[in-house]
Amino acid sequence: MTKGMLNKKLLGSLLLAVMLSACKSTPMVDKPAGVEDKSPGASSVTKPASGTADTSGVKEVVIDSHANNGNNPLKDPNNILSKRNIYFDFDSDAVKAEFRPLIEAHAKYLVANGNAKLILQGNTDERGTREYNLSLGQRRSVSVKKSFNLLGVQDKQIETVSFGEEKATANCAVETCHQANRRVDIAYENE
Amino acid sequence: MNKLRPVLFFVISLFTSLIISPANAALEIEISGGSAQQIPIAVVPFGTLPVGQSSNVAQVSNIIGADLRRSGLFRVLETGGVVNRPTDIAQVKYAEWAALQAQALVVGNIEGLPGNRLKVSFKLADVLKQTQLAGMEYNIAPNQLRMTAHKIADVIYQKLTGEAGIFASRIAYINKSKGRYTLQVADADGENPQTVVSSNEPIISPAWSPDGSKIAYVSFEKKKPIIFVQSLMTGQRLTLANFKGNNSAPAWSPDGTKLAIVLTYAANSQVYTINADGTGLKQLTKSSAIDTEPTWSPDAKWVYFSSDRGGRPQIYKVSSIGGEAQRVTFEGTGNLSPRFSPDGKLLAMIRNDGGKYRVALQDLTNGQVQLLSEGGQDESPSFAPNGRVLLYATRTGGRGALAAVSSDGRVKQRLSESGGDIREPAWGPLLN
């Protein structure tokens, strides 16, 4: 094995570790690059990956961060904050009443965590033209942002972007498939 | 300049099941329909020096014949059974070609010149009158042979139909394959595709500068839409617009000094103009609705755009120096993606009729509208430089493909790449 290969492998392990530790962190935590995370509540389970014992002398480390989701309200499947999708009617940017509790929960979290930042990603189904759908996706993300503003969330905590139909599941044959594409996704910075 | 990718595959079928498929192909063209009065024309294989020339040389007459056939205005006659193969007008025995029912005849010759140059000459003859109609000579580098064949086809087309040709032009499109998005430029016949830029994030809305030297496009490479302008010759890339929010829908002004673009930094999509070097941003439309998909009228006086300010999206126009917008379209569930014919008399658009998106053509002199396509998700209409053909994106078998239709609706073509998902076509200007 050449030195270059070794470095590449090591770098890969480090990147994986950093990505995984970032996943389980709360949004205000911006970790320095490193494999170990010793902050409270971040007791990652580390173990050597199976089947990778080779002649290089480097053991790949895999961090299993799923064990600790209970400490992060954003990741706790039982917490409404883990719900991130707001769905829309065809060619509409109206936020439906059923998503009110979801938006209120995230707004409360943002007001309580002034450093938290979220990105609203607008999406549309594939029907219509790409540029119009880009605009429609943007209007959806702006519409959700306005709901947040009304609940006291500051502009600087929210960025609105649109992917239009570019991330849509293509070739939808049924309406439920289109419906799944018409949404705003809530993503927190550093997630 | 990117390397050529000679992995093309052509299927040309016209009325009959005639299929020509040179090896190594990937883009397929199918043609249906045609003009009622097609001009019967014979294109004799060009004479060549018996040196080790590339096989491209032998293809010149094939390229000319395929161009003419694809237009739907010509019936290209089979010349395989003809014994005498003239390469100049003096050698033509008109009676033989009259017997084949040819009305027009093309003969030509290719010679090597010093310094690795080629001299390509051709003559176009009227078989019935037994006279020469046109003749040209080209002194070219060997890699210009294909484009020279297209230029010859343009001369023939112009001479016999009275209209400017379109064959010596290029098309741009986006190919999505294996999770990568590639902006490609190919000759108007789909051959000779070259990669302009590729990314693992979406690329949309390519737009040719009027001189054909640059392409503006929207890339999501930074996880949001940003407009770039890229020189085809040098690959140099200018970030034209990277403002907060979306940056999209670039449209060149007819003189190439400005672009109309769409930004969302205030709130919803609005149309702005910006100089081609990224300076001098000005807001052109002001509404609380979506205003997008701008396009300039050929006289540069107007910018047409789509907007849902009246409810469903319709096409509006605004003076290119600003002012009140006026509504242009009223029919259909909605209308999107306006595009002018080069003479400014026709407006192509995507019409939504109850969820079916198709190419429509409105005659701006009398307001009449004709539906030109039958698909349900047709998009991105783009006129050929002579205004006679429209290229657009369609769907076939769950994948994106390109289609072309003559502006009278009679001749239809479908261009698809096996395994590829092609969309967002844009027809470039005629090459001089």
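The values are calculated or read from the model by the stated rules, or taken from the named source; none is laboratory data. Here the structure is a predicted model, which is why all the values come from computation and not from measurement. No Cβ is skipped: glycine too gets one built from the backbone with ideal geometry, and neighbour counts run over all protein chains shown.
Observations on the structure shown:
- Test: residue in the stretch B:397-407 that is modelled with pLDDT of 95 or more and surrounded by fewer than 20 Cβ atoms within 10 Å (Cβ to Cβ): no
- Residue ID - nearest to the other protein chains (Cβ to nearest Cβ), chosen from residues in the stretch B:359-384 that are part of a strand (DSSP E or B) and among the β-branched types (Val, Ile, Thr): B:359
- Test: residue in the stretch B:389-396 that is in contact with a Phe, Trp or Tyr (Cβ under 8 Å, 6 or more places away or on another chain) and among the β-branched types (Val, Ile, Thr): yes
- The strands (runs of 3 or more DSSP E) located wholly in the stretch B:258-357 that include 2 or more residues which are more than 10 Å from every other protein chain (Cβ to nearest Cβ) and not hydroxyl-bearing (Ser, Thr, Tyr) occupy B:258-263, B:270-275, B:302-307, B:314-319, B:334-340, B:346-353.
- Residue selected from the stretch A:156-186 under the condition of a type in the set (A, V, I, L, M) and under 15 Å from residue B:220 (Cβ atoms), by the criterion surrounded by the fewest Cβ atoms within 10 Å (Cβ to Cβ): A:161
- The single condition among (1) free of Cβ contacts under 8 Å to residues at least 24 places away in the same chain; (2) touching an Asp or Glu at 6+ places or on another chain (Cβ under 6 Å); (3) buried (at least 22 other Cβ atoms within 10 Å of the Cβ) that residue B:351 does not satisfy is (2).
- Filter result for the condition that a residue is among the charged types (D, E, K, R) and away from chain A (no Cβ under 14 Å), over B:244, B:222, B:214: B:214
- The lone exception for residue B:152 - which of (1) within 14 Å of chain A (Cβ to nearest Cβ); (2) under 24 Å from residue B:383 (Cα atoms) it fails: (1)
- Sole residue being within 10 Å of chain B (Cβ to nearest Cβ), surrounded by fewer than 21 Cβ atoms within 10 Å (Cβ to Cβ), not hydrophobic (A, V, I, L, M, F, W, C) and not in a strand (DSSP E or B), chosen from A:135, A:143: A:143
- The set of residues in the stretch A:161-191 that are within 10 Å of chain B (Cβ to nearest Cβ) and either without any contact (Cβ under 8 Å) to a residue 40 or more places away in the chain or more than 23 Å from residue B:242 (Cα to Cα) (or both) comprises A:166, A:170, A:171, A:173.
- Exactly one residue out of A:103, A:158, A:86, A:80 is of a type in the set (Val, Ile, Thr), within 14 Å of chain B (Cβ to nearest Cβ), within 16 Å of the chain's Cα centre (by Cα) and within 17 Å of residue A:185 (Cα to Cα), and it is A:158.
- Checked against (1) part of a strand (DSSP E or B); (2) facing another protein chain (nearest Cβ under 8 Å), residue A:122 passes all but condition (2).
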